[in-house]
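Each remark here refers to the structure printed beneath this line.
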Amino acid sequence: MRACIFTLLLCVFCLNAFADEAWQPVGGIKESDIKEVVVKDGVVYASSEKSLYRGDDNGETWKAVFTARGDSNGINSIGISEQGVFACTDNGVFKSSDGISSWKRIFKCIGAEKNSTRYIAFNNNKIFLGTRAGLFISSDNGITWQKSSSETGSISIKWITFLDEAVFLATEKGVYKGSGTNWKRVFITFTEETEYDADAIDEAAAASEPVNSIFVKDKTIYLATDSGVFISEDAGESWQRFESAGLGSEKINRLIVLDSQTQYSSSAVEKDTVSARSNDILFAATDSGVFVIDVNDNAWQALYKGMDADRINSIAADNKGGIWVATDKGLYKSSPLTLSLSPEGRGNNILELF
């Protein structure tokens, strides 16, 4: 029954939310290879290798606001907090209080690896910064930085996220969980390390390829790896490989999880037809396009119509239900994710679909 309900939901979603063209190219950005997209309070930030663009009015008007200068410099990620907008580059971290002008470098170290900042995250009045040389933490809004004294202070860090009080790091050696100076590796990148590593939990906690990003929703942790999706529902103590049937590429760059009742606000689905768990819709940005699946389903579906791109580098959702994707062929946006599943309209939707 649950699978049938989701099939109906997904079919109507694909019909209505992505009518005619699933994706619309976003104009106003000169460059085509977009690496990152972040959406916050109706403002969209998108970055190429060298330039950061700001789209006001939910991406209606665009302008370049920051440039990574130097042949060996590039933008790796974008962070947004109440204090401003942060650009992580190969030459340190730059911050603008208004996200438009007056960019100041707030992090710079001696050495190319320490200077190469990859990801920035914010939690409990602290800034966590991942570099190619390890983890740095600031408790005074980036004025001073303290390097982690554990193993996490000497390995390359790709991603940082949080679950309650725990910090999760995606590194070149796998995923670390910890807080303060107490860190534990809970997901191992290379299977050949498993028999030698005391932190190994079980065989399922090892992937043959790197972890590219982490997404946390409620109490579930989702890992995007070069060998598919892994999930944990016990704060990273154990991992299961998620369904991969239907994926055009097992190399997952990014993941987002949206709640159907939140995003599809016009839906009239009866509350007792699906559980809270089954409301989660998982989107994967891969090297072969965008794919979607219900977390309780058993096959991914491709969402490609209207997109002239293969590699999806980043994916984000805005507060109006639209989805944004940064691709090797530009920035694309979906229509707002709304449904029309009222009893009087349900039959017509099915007929139209067929």
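The values are calculated or read from the model by the stated rules, or taken from the named source; none is laboratory data. All values derive from a computational prediction rather than experimental measurement. For neighbour counting, all protein chains shown are included, and Cβ atoms are generated from backbone atoms with ideal geometry for every residue, glycine included. Heavy atoms of the whole protein, side chains included, go into the accessibility calculation; ligands, DNA and RNA do not. Shrake-Rupley method; radii C 1.70, N 1.55, O 1.52, S 1.80 Å.
Scanning the stretch 57-102 for residues that are surrounded by fewer than 18 Cβ atoms within 10 Å (Cβ to Cβ) and among the hydroxyl-bearing types (Ser, Thr, Tyr) returns THR61, THR67, SER72, SER81, SER97, SER101, SER102. Against the criterion of being of a type in the set (A, V, I, L, M), in contact with a Lys or Arg (Cβ under 8 Å, 6 or more places away or on another chain) and at pLDDT below 80, VAL274 qualifies.
In the stretch 40-60, the qualifying residues are those that are among the aliphatic types (A, V, I, L, M) and touching a residue at least 60 places away in the same chain (Cβ under 8 Å), and the one that is nearest to SER335 (Cα to Cα) is VAL44.
Of everything in the stretch 117-133 that is among the small types (Gly, Ala, Ser) and modelled with pLDDT of 95 or more, the residue that is farthest from ASN76 (Cα to Cα) is ALA121. Checked against (1) at pLDDT 95 or above; (2) crowded, with 21+ Cβ neighbours inside 10 Å; (3) not hydrophobic (A, V, I, L, M, F, W, C), ARG185 passes all but a single condition, namely (1). Picking from residues in the stretch 38-55 that are of a type in the set (A, V, I, L, M) and over 16 Å from ILE120 (Cβ atoms), the one that is surrounded by the fewest Cβ atoms within 10 Å (Cβ to Cβ) is VAL43. Restricted to the stretch 331-354, and to residues there that are within 22 Å of ALA284 (Cβ to Cβ) and open to solvent by less than 10 Å² (accessible area, probe 1.4 Å), the residue that is modelled with the highest pLDDT is LEU331.
Cβ-Cβ contacts under 6 Å between residues 6 or more apart (or on different chains), taken from a first residue in the stretch 301-317 that is aliphatic (A, V, I, L, M) to a second residue that is part of a loop (DSSP other than H, G, I, E, B), are listed as LEU303/ALA22; ALA309/ASP328; ALA309/LYS329.
The set of residues in the stretch 122-152 being within 14 Å of GLY178 (Cβ to Cβ) and either of a type in the set (A, V, I, L, M) or in contact with a helix residue (DSSP H, G or I) (Cβ under 6 Å, 6 or more places away or on another chain) (or both) consists of GLY134, LEU135, ILE137.
For the stretch 122-167, a residue qualifies if it is closer than 21 Å to ASN212 by Cβ, part of a strand (DSSP E or B) and either open to solvent by less than 10 Å² (accessible area, probe 1.4 Å) or among the charged types (D, E, K, R) (or both), and the qualifying residues are LEU129, GLY130, THR131, GLY134, LEU135, ILE157, LYS158, ILE160, VAL167.
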